[in-house]
Amino acid sequence: MLSYRLRWRVLPLIAGLALLAQWILPARLQADPPRPPVKLIFDTDVGNDIDDAMALAMIHALQSRGECELLAVTITKDNPYAAAFVDLMNTFYGRSEIPIGTVRKGVTPDDGRYLRKVATAEDNGQLRYPHKLQSGNDAPEATGLLRQVLAKQADQSVVIVQVGFSTNLVRLLASGPDEHCPLGGMNLVRHKVRLLSVMAGGYTPEAVKQRFKEFNVVTDLASSRKLFDQWPTPVVASGFEVGIAILHPGRSMEEDYRYVAHHPLREAYALYRGLGNDQPTWDLTSTLYAVRPDRGYFQLSEPGKILVDAEGVTRFQADPQGLHRFLKVSPQQAISVREVQVMLCSQPNRS
């Protein structure tokens, strides 16, 4: 035991250290403030596959966690039920106010396997999934909406996730000044966008050797070629090989959505892929990287330039000054990413 005299010498020292800790620890905690939410625009061909809908659900989960803010959804599938489906998803997650823009004269007008069925599903004469936007024909045109939304944002603050065709973004680049902004599209993008995260192409040696033609690239080939040739900000592409290496387990769709009687993503998945069947996560990878680029989920290629030839084959040309990179994923990373995506997709909505 400390002597009486020694205790009276030590106790003030301990008290002083405690006070110092109270002063230092909050300061250290405040030294690294939380990162502000990523300002996100989601450009999608929703309805052509189910991973677009899964990526949208993941965005809502990330927004509920304070990691991103979905500024707008623009659609490159020219089907009236595509916008209705996006609206019902936004409404389901408690964000019916998010603006939606649609392509005009797009390249894939068909209903797909789930858009109409989910958007028009009823119970007792009422829409199963409430939504105000009944048709994409009632939504604003995507290019104008993109200009309107970008013009309001701080410089170099917006991340665009493109998981469909390049139609809307190429039209944005070609757009002229309007009531929203005096800048032309190219300068507007250069000022406001800091990253384009795009699901497109294939970048393995096997893909190049086999002259692989990825769906998002070849479906609107002219726009794809212009996008990779002209887009003025950094671009990170997730190739076909990344999403096919990370399969979303169908078992999750069967078991992880029971917190609600009807879930639009689960119903759409059942119609498109079938419950119990696994699904490649192409669009989810671009979305996850856009919001969490520094979590070690993926590896990045060296800088360079993505080239798209006249037949739609993508090729990467290394260049230290290049603005383009592509994602790579190891088998170990694929396991981690799959679990993160499963958790985020199935996160309960706010209602």
Task: Order by protection proxy (mean Cβ within 10 Å, highest first), peptides 184-195, 68-79 - done: 68-79, 184-195
TODO: Can you tell me the FRET efficiency between V208 and N187 if r is taken as the Cβ-Cβ distance and R0 is 35 Å, rounded to the nearest 0.05?
DONE: 0.55
Task: Fraction of alpha-carbon pairs over 30 Å apart in the stretch 38-345 - percent - done: 27 percent
- [ ] For K305, list the lysines whose Cα falls under 24 Å from its own Cα; do not include residues on the same chain fewer than 8 positions away.
- [x] K192, K209, K213, K226, K328
Open item on the list: If amide hydrogens are placed 1.01 Å from N in the peptide plane, which non-local residues have theirs closer than 5 Å to the one on S238?
Closed with: V198, M199, A200, L327
Open item on the list: What distance in nm separates the two pseudo spin-label positions at M343 and Q230, each 7 Å out from Cα along the beta-carbon direction?
Closed with: 4.2 nm
Open item on the list: Cut-off 17 Å, label point 7 angstrom out along Cα-to-Cβ of E69: give me the residues of the stretch 183-217 whose amide nitrogen falls inside.
Closed with: 192-195
Task: Under-5 Å amide H pairs with A72, H placed in peptide plane, nonlocal only - done: F42
Task: Sequence-distant lysines (8 or more away, or on other chains) whose Cα lies within less than 18 Å of K117 - done: K77, K132
Open item on the list: Helix 282-291 against the longest principal axis of the chain: what's the angle in degrees, Cα atoms only, rounded to the nearest 10?
Closed with: 40 degrees
- [ ] Starting with the highest mean, order 47-58, 86-97 by the number of other Cβ atoms within 10 Å, averaged over the residues of each peptide.
- [x] 47-58, 86-97
Task: Rounded FRET efficiency, nearest 0.05, which uses the C-beta distance separating S330 from A151 and R0 of 41 Å - done: 0.50
Task: Vicinal HN-Hα couplings computed from phi for the stretch 331-344 (Karplus, 6.51 cos²θ - 1.76 cosθ + 1.60; Hz; Gly/Pro x) - done: x, 5, 5, 4, 5, 5, 5, 4, 5, 5, 5, 4, 5, 6
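Just so you know, all these numbers are worked out from the coordinates, no wet-lab data involved. Note that this is a predicted model, so its numbers are computed, not measured. Cβ: placed from backbone, ideal geometry, glycine included. Neighbour counts: every protein chain shown.
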